[in-house]
Amino acid sequence: MKQPTIILLAMLFSTWSLGQVEETAPQTKTTVFSIFDTKIEKTDHGDGRKTWEFSPKKRTYEESQKEEKNNKHSGDLSFDIGINTWVPSGEAPKVRPWGSWNPAINLRHTYQPNKNFGLSTLLGVSWYNFKFEDRNLQALRTSQGITFEEFDGQGIKSKITASYLNLAIVPSIASNNGKFRFGAGPYAGYRLGGRGKFVYNDDNGNRNKVFERANMFANNFRYGGRLEIGVGEIDLFVNYDLNNYFQKDKDPKVNALSFGLIL
């Protein structure tokens, strides 16, 4: 009886000792992952406790150089909204500012090696709208060119339009705090479409629309200079075509001028 009792006590003591070891030395599990440039270590201590450690992720020299290079390049989508006019204004029908819109959508890529200098490349589409001040003046396309004739009735709206695919390169400078920006550069464009539109009321008071579906002799190509000025959060643009708006010998001889906001 004495020997089995001793053996049983020894087994109980061993089991109790092992249990004590497991409680005092629980297994730990560490998980490491990264979010952006932050290294995160999550440690599960096995006894219900969890700890988190956050530290900046160490970057290699190649990664640092790549990030510095990428910071010099940026791209975004910008919008121009402005108005059009003709220069000299006396050579063509007077246009109404409200309604002679010049909207444009541009993909803009900017290379900025430092805070004072930048080089922007713009690729986009713009629309010329020239709405005549005289609502009874109708633009007509003839074999000799474009003509403007008085309508015998009640005109409501008269305008001609043209759209262009454009490419512009604009170097710019900026103040140290970036509150003032100035840029100027060339652009060129290829005509995508164009038409004329005349709206009038007939003798019964019904509204009618007449469209000239063909191009109203707007030049197939345009080229000129673009000016950009920024003050604070406001950016303005001015575009001036150096070539005539209308094709050669299709009259009148005028240049297109546009100005407005960059959004």
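What follows draws every value from the coordinates through simple rules; no lab data is involved. Keep in mind that this is a model prediction, so the values were computed, not measured. Using ideal geometry, Cβ is built from the backbone for each residue, glycine included, and neighbour counts are taken over all protein chains shown.
Working note: Karplus 6.51/-1.76/1.60 with θ = phi - 60° gives the stretch 197-207 the couplings 9, 9, 10, 8, 9, 7, 5, 8, x, 7, 7 Hz, where Gly and Pro are set to x.
Distances between placed amide hydrogens fall under 5 Å for ASP235 paired with ILE262, all partners being 5 or more residues away or on another chain.
Of the listed pairs LYS131/LYS179; LYS131/LYS248; LYS179/LYS253; LYS94/LYS209; LYS94/LYS179; LYS39/LYS179, which have alpha-carbon separations greater than 28 Å here? Mind dumping the intermediate values first?
Details: LYS131/LYS179 36 Å; LYS131/LYS248 22 Å; LYS179/LYS253 39 Å; LYS94/LYS209 21 Å; LYS94/LYS179 37 Å; LYS39/LYS179 36 Å.
Those over the limit are LYS131/LYS179; LYS179/LYS253; LYS94/LYS179; LYS39/LYS179.
Highest average first, the peptides 133-142, 110-119, 189-198 ordered by how many other beta carbon atoms sit within 10 Å of their residues are 189-198, 133-142, 110-119. A cut-off under 9 angstrom between Cβ atoms defines the neighbours of GLY196, and their net charge, with Lys, Arg +1 and Asp, Glu -1, is +4. Here the stretch 72-262 is treated as an ellipsoid with the same Cα gyration tensor; its semi-axes, largest first and in whole Å, are 36, 16, 13. In a simple Cβ point-charge model (Lys, Arg +1; Asp, Glu -1; nothing else charged), the stretch 72-262 has a dipole of about 480 debye relative to its Cα centre.
The residue list PHE182, ASN204, THR161 was ranked by how far each Cα lies along the charge dipole of the stretch 159-210 toward its positive end, using unit charges on Cβ atoms, and PHE182 comes out on top.
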